[in-house]
Amino acid sequence: MQTEVLEEPKVLQEVLSHLSRPALPGVLRIQQGIVRATHDFMFKRGLTQLMPLMLSPITDPLNHGVVDASIPYADKRWSLTKSMIFHKQLALMHPDLDSIYIVSPNVRLEFSDRAQTGRHLFEFTQIDFEFKNKDRFYVMDFMEDLVNFVFARLNEELPELLLEIRDELLPLYEKWPVYRTEKLEAALGPDYEMIQSQLLDTPYWLLNHKREFYDKEDQMRPGTYFNYDLVWPEGFGEGLSGAERENEYKQLLKRMTETGANKEIFKDYLEVAKRGELPRTAGAGFGVERMTRFICRLQDINDVTVFQRRPGHASIF
Ligand code: ASN
């Protein structure tokens with residue numbers, strides 16, 4: 001009882017000093033610069049912006065467990081958005097929409113084993129984009145262009161702030177190196193992603209992760225997938241994931257059986273696929289706070305946010 005009385009002001013004090021720390025406004029200004037430049041890039045490249053959804057009967061099942069975040073409403077269970085993956089695919093059914101993007105809040109109630117990774121928040125913002133009739137090569141080139149565009153813009157608009165925060169302006173990259181997950185793992189062991197991230201000073205692509213049923217399987221090499229992760233260098237780790245999407249009914253059923261997905265929840269989505277109406281798409285999404293963290297060279301992603309969202313930890317605001 002006594003500890004509880006003493007603990008409360010301590011937590012409050014910690015939260016108040018977190019939200020009034022001197023470094024915060026500069027970090028937020030960089031983050032604002034990222035979002036502004038990304039909007040400009042998307043506009044120049046002709047992508048249409050969709051507004052985000054926070055609730056849906058279907059959301060990304062993810063390939064790792066999180067605490068359930070769903071609520072009952074209108075005779076259904078509605079999940080808070082973990083990613084807008086299915087909605088991107090469905091929105092592109094419109095014959096006159098070919099490319100879209102969304103600044104999308106994602107809620108993923110991670111377990112506390114991810115509290116100290118420096119990369120996980122239990123709610124964050126993802127910029128998700130998707131193209132009809134494009135492949136992985138197109139999306140990877142697009143993201144490389146986006147990063148150089150955003151970095152060049154920040155160098156131009158906020159040079160003094162960048163020098164103050166990271167001691168140097170942002171680099172503009174040549175083509176990023178590409179690795180296959182299985183090869184890197186064979187060479188570097190189970191911690192391959194982070195080891196390679198620490199070794200490099202350029203972002204790199206990691207192909208072929210075991211992920212969800214919506215990633216297209218390579219029919220020439222079953223068990224491998226047309227997906228890609230962007231990994232930030234200097235030990236900052238994964239910052240984007242994407243894929244060519246599965247849109248064929250039979251293959252979706254097969255993959256859902258393999259991943260153990262709940263087909264009942266996805267029955268209407270499957271019906272669209274069965275009718276042959278799911279378009280062929282490819283896309284990706286990057287974490288805004290993760291890009292900000294990389295640019296500002298912050299060890300803990302909670303130092304990007306005003307209000308801490310550390311997995312498994314109570315936050316009072
Ligand atoms: N946004 C990711 C994608 O487009 C999915 C995710 O965040 N899990 O593949």
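Listed values, structure above:
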quantity	calculated
Residue count, the range 103-123 (criterion: within 14 Å of the ligand (Cβ to nearest atom) and of a type outside the set (Asp, Glu))	9
Within the range 228-317, helices (runs of 4 or more DSSP H) holding 3 or more residues that are in contact with a Cys (Cβ under 6 Å, 6 or more places away or on another chain), free of Cβ contacts under 8 Å to residues at least 12 places away in the same chain and among the small types (Gly, Ala, Ser)	none
Residues that are touching a helix residue (DSSP H, G or I) at 6+ places or on another chain (Cβ under 9 Å) and among the polar types (S, T, N, Q), drawn from the range 117-169	117, 125, 126, 155
Residue under evaluation residue 102, criteria (1) out of contact with any Asp or Glu (no Cβ under 6 Å at 6 or more places or on another chain); (2) closer than 21 Å to residue 309 by Cβ, criterion not met	(1)
So residue 210, is it within 16 Å of the ligand (Cβ to nearest atom), among the basic types (Lys, Arg) and assigned to a loop (DSSP other than H, G, I, E, B)	yes
Candidate set from the range 224-241 (those that are surrounded by fewer than 23 Cβ atoms within 10 Å (Cβ to Cβ) and away from the ligand (no atom under 16 Å from the Cβ)); member that is nearest to residue 135 (Cα to Cα)	224
Any hit, the range 70-81, residues being within 16 Å of the ligand (Cβ to nearest atom), under 16 Å from residue 47 (Cβ atoms) and among the aliphatic types (A, V, I, L, M)	no
Yes/no for residue 160 being away from the ligand (no atom under 14 Å from the Cβ) and under 20 Å from residue 296 (Cα atoms)	yes
Any pair with Cβ under 6 angstrom, 6 or more apart, that starts in the range 119-134 at a residue that is touching a residue at least 40 places away in the same chain (Cβ under 8 Å) and ends at one that is within 9 Å of the ligand (Cβ to nearest atom) and of a type in the set (Ser, Thr, Tyr)	126/104; 128/104
The range 88-97, residues that are away from the ligand (no atom under 11 Å from the Cβ) and either under 23 Å from residue 252 (Cα atoms) or of a type outside the set (A, V, I, L, M, F, W, C) (or both)	90, 91, 92, 93, 94, 95, 96
When residues of the range 150-172 are limited to those that are in contact with an Asp or Glu (Cβ under 8 Å, 6 or more places away or on another chain) and surrounded by fewer than 20 Cβ atoms within 10 Å (Cβ to Cβ), the one nearest to residue 103 (Cα to Cα)	153
Check on residue 203, within 16 Å of the chain's Cα centre (by Cα), of a type outside the set (Phe, Trp, Tyr) and modelled with pLDDT of 95 or more	yes
The one condition in (1) among the aliphatic types (A, V, I, L, M); (2) within 14 Å of the ligand (Cβ to nearest atom); (3) in contact with a helix residue (DSSP H, G or I) (Cβ under 7 Å, 6 or more places away or on another chain); (4) in contact (Cβ under 8 Å) with a residue 60 or more places away in the chain that residue 100 fails to fulfil	(4)
Residue in the range 242-272 that is farthest from the ligand (Cβ to nearest atom), counting only those that are under 27 Å from residue 204 (Cβ atoms) and among the acidic types (Asp, Glu)	246
Search result, residues across the range 280-302 that are within 16 Å of the ligand (Cβ to nearest atom) and surrounded by fewer than 19 Cβ atoms within 10 Å (Cβ to Cβ)	280
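The values are calculated or read from the model by the stated rules, or taken from the named source; none is laboratory data. This is a predicted model, so every value here is computed, not measured. Using ideal geometry, Cβ is built from the backbone for each residue, glycine included, and neighbour counts are taken over all protein chains shown.
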